[in-house]
1. Considering Cα pairs under 8 angstrom that are at least six residues apart, work out the relative contact order of region 69-132 and quote it in whole percent.
2. Compare the peptides 159-171, 13-25 by average per-residue count of other Cβ atoms within 10 angstrom and give them in order, highest first.
3. What nm value, rounded to one decimal, do you get for the distance between residue 248 and residue 224 when each label is placed 7 Å out toward the C-beta?
4. Picking from 125, 66, 242, which is most flexible by a Gaussian network model of the chain using Cα springs under 10 Å?
5. Would you give the gap between the C-alpha center of region 52-122 and the C-alpha center of region 137-176, rounded to a whole Å?
6. For region 10-252, what's the relative contact order in percent, using C-alpha pairs closer than 8 Å and at least 6 residues apart?
Amino acid sequence: MAAHKLVLKVIVITGASSGIGQALAEHYADAGIVLGLTGRNQARLDAVTLTCQEKGAHVIASVLDVTDRLKMEQWLLALDDEHPIDLVIANAGISAGTGGVLVGEDPAQVRHVFDVNLHGVLNTVEPVQGRMLVRGKGQIALMSSLAGYRGWPGAPAYCGSKAAVKVYGESLRGVLKKTGIRVNVVCPGFVKSRITACNEFPMPFLVDAERAAEIISKGLRKNQGRIVFPFIPGLMSWFCMVLPDFVAQYILSFSPDKSVENQ
């Protein structure tokens, strides 16, 4: 679908206190831009806010947990009342895995990963989506992962939650395509951040967060349905998805285990 022109003046980014979220906030920060930023760490969020303000942006920041549906809705709608939101990037997420435990993940961890990575996305998107529908314009970006293409035995909940976000976003794009609202799914590979710093295994094609922000913003500007990077890991993830299950299971049996929850 050809991309229509969308002027971005008000941008909301969750999980903006580090990693991709921080890089996106600092990438978009400029004079005339209003940034609505959330994170869970006050000190880190304050530092990002200051950097964005120094670049000329008007920043409205709040320490929020995306799993709190009511507080997210109240904050988003209050912000939208004052500054109608043009782009929302549902970026907040956590990483987790089995940590090498043969019986899998702790059930409480599984629930928490899905709550943050999936329900946190819904809690971010749904209030804004309603307002955008009324206005007949806007853009919604959902942060999935290359891990959402195929389940890795070392990270069942993480892969499952990111797969759910990917499929939901792709479906939502189809539903909203005639309403004037853009929907984009972002599927990054390994991006340098506090979370990936905890991984104790090689991370091929590791991308700097600043470079990731550039790729994502370019894809959003072009209204790409899927923003997938880096290219080679993206191709390999797609290939594992289309392989017969027994072949993919054998290949992935050699994949490393992710550590337990990283936030």
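1. 52
2. Ranking the peptides 159-171, 13-25 by packing returns 13-25, 159-171.
3. 2.2
4. Fluctuation is largest for 242.
5. Each part's Cα centre sits 14 Å from the other's.
6. For region 10-252, the relative contact order is 18 percent.
Bear in mind these aren't lab numbers, they're just calculated from the coordinates by the rules spelled out. Since we're looking at a predicted model, the values are computed, not measured. Quick reminder, even Gly has a Cβ in these numbers, built from the backbone with ideal geometry, and neighbours come from all protein chains shown.
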